[in-house]
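Asker: Quick one: the structure is below, and I'll ask about it shortly.
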Amino acid sequence: MCCAFFVLTGYIYLEFPEEKVDNQVPSVPYYSYTPDSAGVLFDISGNLVFTFLDFERESISLVFCEENYSYEDEIYGYTVDYTITADHNLIGGIVDLLDGIELEKEGEKLSFMGSQVVAELTTTTNSEEKRYIIKQIISKIAQKGLGKKDFLYIIENSETNLTVPDCYYWSDSIKAVCKTVVIVN
């Protein structure tokens, strides 16, 4: 009798469910992490370019340093947290990671890959042209972004005090940061 009671109760329970529950899980992250803002000084074959990555305000400030510029821990009031020293080939590699950039030459837009950008940077003495190339690279980063492997490439192909843990979360925000560029000088 007990067995019949449990079987009948189970049958009734399974036949007449009261209401269905929506089991969809929203894709909401458990937390949001904003990396600390950082100042990165690039020394590319003697040309100094300082970038301040402001992750809170989602902007990047650029300071183009003149030749033989001497600094200690600050440039124009910005703290230098990391230095990256390399030759022009690092810039060429970054351009290749971004699948090239577009530069305007003699009134027409042309696509340039890394080796072509390296040739432009090494042959020109015009600082405005170098600034233009750097702005175009940042513009391409704003479109495409940089991943963790791209930051690893930069670290492995330069002399730097930047480590992977330092820039681990940068890839999540670098695209938004590069959309707003502030030229300091």
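The values are calculated or read from the model by the stated rules, or taken from the named source; none is laboratory data. Owing to the predicted nature of the structure, the values given are computational and were not obtained by experimental measurement. Neighbour counts are summed over all protein chains in view; Cβ atoms, including those assigned to glycine, are modelled from backbone coordinates with ideal geometry. Ligands, DNA and RNA are stripped out before the accessible areas are found, and what is left, the full protein with its side chains, is counted by its heavy atoms. Shrake-Rupley method; radii C 1.70, N 1.55, O 1.52, S 1.80 Å.
Asker: Residues of the stretch 1-27 being part of a loop (DSSP other than H, G, I, E, B), open to solvent by less than 100 Å² (accessible area, probe 1.4 Å) and at pLDDT 65 or above, which ones?
Answerer: Answer for the stretch 1-27, where residues must be part of a loop (DSSP other than H, G, I, E, B), open to solvent by less than 100 Å² (accessible area, probe 1.4 Å) and at pLDDT 65 or above: there is none.
Residue-wise test of (1) surrounded by 16 or more Cβ atoms within 10 Å (Cβ to Cβ); (2) in contact with a Pro (Cβ under 8 Å, 6 or more places away or on another chain).
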site	(1), (2)
Gln116	yes, no
Thr123	no, no
Glu128	no, no
Gly147	no, no
Thr160	yes, no
Asp166	yes, no
Tyr169	no, yes
Val177	yes, no
Val181	yes, no
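Asker: Can you name the number of the only condition in (1) surrounded by fewer than 17 Cβ atoms within 10 Å (Cβ to Cβ); (2) modelled with pLDDT of 90 or more that Glu72 fails?
Answerer: Failed condition: (2).
Asker: Here is a follow-up. For Tyr153, which of the numbered conditions (1) touching a helix residue (DSSP H, G or I) at 6+ places or on another chain (Cβ under 8 Å); (2) open to solvent by less than 60 Å² (accessible area, probe 1.4 Å) fails to hold?
Answerer: It fails just one condition, (2).
Asker: Condition first: of a type in the set (Val, Ile, Thr), outside any helix (DSSP H, G or I) and out of contact with any strand residue (DSSP E or B) (no Cβ under 6 Å at 6 or more places or on another chain). Now tell me which residues in the stretch 100-137 satisfy that.
Answerer: Step one: filter the stretch 100-137 for residues of a type in the set (Val, Ile, Thr), giving 101, 117-118, 122-125, 133-134, 137.
In the following step, the residues that additionally are outside any helix (DSSP H, G or I) were identified as 101, 124-125.
Within the stretch 100-137, Thr124, Thr125 meet the criteria.
Asker: Using the structure shown, decide if Lys140 is charged (D, E, K, R), surrounded by 17 or more Cβ atoms within 10 Å (Cβ to Cβ) and out of contact with any Ser or Thr (no Cβ under 7 Å at 6 or more places or on another chain).
Answerer: Yes, satisfied.
Asker: If Pro35 meets every condition in (1) loosely packed, with under 15 Cβ neighbours inside 10 Å; (2) in a loop (DSSP other than H, G, I, E, B) apart from one, which number is that one?
Answerer: With (1) loosely packed, with under 15 Cβ neighbours inside 10 Å; (2) in a loop (DSSP other than H, G, I, E, B) applied to Pro35, the lone miss is (1).
Asker: Right, another one. List every residue pair whose Cβ atoms lie under 6 Å apart, where the two residues are 6 or more positions apart in sequence or sit on different chains, the first residue falls within the stretch 135-156 and is touching a residue at least 40 places away in the same chain (Cβ under 8 Å), and the second residue, located anywhere, is part of a helix (DSSP H, G or I).
Answerer: Listed by first residue and then by second, the contacts come to Leu146/Ser171; Leu146/Ile174; Asp150/Leu97.
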